[in-house]
Structure formats: structure tokens, C-alpha cells
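Structure record follows, encoded as C-alpha cells.
The values are calculated or read from the model by the stated rules, or taken from the named source; none is laboratory data. Remember, predicted model here, so these are calculated numbers, not experimental data. Reconstructed Cβ throughout: ideal geometry from the backbone, glycine too, with neighbour counts over all protein chains shown.
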């Protein structure tokens, strides 16, 4: 299958407190196809979150290119990149970042309304997604009335609302107990199959990594394939 996401030679260099350069990413290459689930593992501080930020157009690399659906981020304007983040890339983080004053339904509708979608269609899409993640009876609840697992599943539904080409998740089950983690892992395993979405997940969780089609480890600023979760760092 052709790649939806292509990263080539990605480098990211920060300036240390003493003024010396710190190279976090040293030439990362990655291709992810439609419907493929890739897990990225690695030690704390290895640059996994930095890599996700580059893949999601949240930050610019010091070198190299990222292409989504054949178009390079580096060739697009700030407005075009903002549209990509809103419509073509879904984000799920360790902390759900739901808007507290809005219901679960309204939170999932939000990216569609921002993109200019008709309110009736946005509501229908949000209801369908919340039902799909097991929250059909919790749509009218605000985040404070939802459990941690329910909040994170609502965040997944929100990420899927615009029917993105790519979903990026950063330690999505890192703040959940075992039972809620497993339910979320089941949901991620379904995403790539049912929505044909390219899925890249950064995780320390062996159970979640074990659901992926491929497991890659970020070591020394580069991605290397792992044969299985037993070899996770």
C-alpha cells in the first residue's frame, strides 16, 4: 500500500542551557500506510513526543521533510498547516484536554464546527462516533461527570471527528488504570481496521504496543524496528 505519512531524514536540534546544540532527532525515516498501526517506544527523553509534534505539524524540524498524502509540510503556509491539524490529523494525548464547560457531544462536534461543518451534520457525526466508543449514554455529560477512561474515549472520538488521514497518540493510556487501559487499547486496535486511518502511537505500555502492526524504537535519535514487545526498552 502507498504511504499516507512519509518522514525522511527528520532532525531536531535544540540549544542547551550552555549554548551547545542538543540533537534530539538525528535523521528519522518513517512511512505509515492507510490502515496501519505503528507503535513507537523508547526510553524517557529519547524524543518520542518531539517526533509526534513534527509528524503532526505542531513543530518544524531542523532538517528533513514530512509528507502527508503526498504534500510536504515545508511547502505549505501557516494557514494551510493549521487546516491540516484541524482536518487531516487527529491528536490524542495522555491527558484528554476536553473543554470542561462543554458536554462530550459538544467536545466531539467542536473540530467539525471550527472547520465550517453544518451543525446538524456535525452533531450526527459526533453521535455516531461516541456511540462507536461506547459512550452513547454519556453524550450529555460534561468531562467532570465522566470517568478517566470515558474522558479518554471521548478524546479519541474527537480526534476521529474530521475523518483524518492520520491519528497521533502520545501515551494515551498512561493516566488510566488497567481496566480502562485495556478498553482503550481495544479501541485503538479497531481504529486502523474500521476507519482505515494511519495510526502512530507513542507508548511505554507493552499491551498496547503488542496490538500494533509494527513496533519501532527511538534510539540515538533514529527509529529501529523491534521484533516484538519482549524487546521493548
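A few notes on this one:
- Index of the failed condition, residue 115 passing every other in (1) more than 14 Å from the chain's Cα centre (by Cα); (2) over 30 Å from residue 2 (Cα atoms): (2)
- Filter result for residue 137 (surrounded by fewer than 20 Cβ atoms within 10 Å (Cβ to Cβ), outside any loop (DSSP other than H, G, I, E, B) and free of Cβ contacts under 8 Å to residues at least 24 places away in the same chain): yes
- Selection status of residue 171, within 26 Å of residue 48 (Cβ to Cβ) and either touching a residue at least 60 places away in the same chain (Cβ under 8 Å) or surrounded by fewer than 20 Cβ atoms within 10 Å (Cβ to Cβ) (or both): yes
- The criterion of at least 1 residues that are free of Cβ contacts under 8 Å to residues at least 24 places away in the same chain and over 23 Å from residue 175 (Cβ atoms) is met, among strands (runs of 3 or more DSSP E) falling completely within region 1-120, by 3-15, 21-33.
Here is a yes/no grid of residues against (1) touching a helix residue (DSSP H, G or I) at 6+ places or on another chain (Cβ under 7 Å); (2) free of Cβ contacts under 8 Å to residues at least 40 places away in the same chain; (3) not in a helix (DSSP H, G or I):
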residue	(1), (2), (3)
141	yes, yes, yes
157	yes, no, no
167	yes, no, yes
183	yes, no, no
187	yes, no, no
190	no, yes, no
199	yes, no, yes
208	yes, no, no
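- Residue 165 being in contact with a strand residue (DSSP E or B) (Cβ under 7 Å, 6 or more places away or on another chain) and either surrounded by fewer than 24 Cβ atoms within 10 Å (Cβ to Cβ) or at positive phi (or both): yes
- Residue 137 being more than 27 Å from residue 185 (Cβ to Cβ) and at pLDDT below 95: no
- Flag if residue 64 is surrounded by fewer than 19 Cβ atoms within 10 Å (Cβ to Cβ) and in contact with a strand residue (DSSP E or B) (Cβ under 7 Å, 6 or more places away or on another chain): yes
- Flag if residue 35 is closer than 24 Å to residue 82 by Cα, modelled with pLDDT of 95 or more and touching a helix residue (DSSP H, G or I) at 6+ places or on another chain (Cβ under 9 Å): no
- All positions within region 168-191 that are under 18 Å from residue 95 (Cβ atoms) and touching a strand residue (DSSP E or B) at 6+ places or on another chain (Cβ under 7 Å): 168, 169, 170, 171, 172, 188
- Criterion: buried (at least 19 other Cβ atoms within 10 Å of the Cβ) and either at pLDDT below 95 or touching a strand residue (DSSP E or B) at 6+ places or on another chain (Cβ under 6 Å) (or both) - qualifying residue of 113, 129, 105: 129
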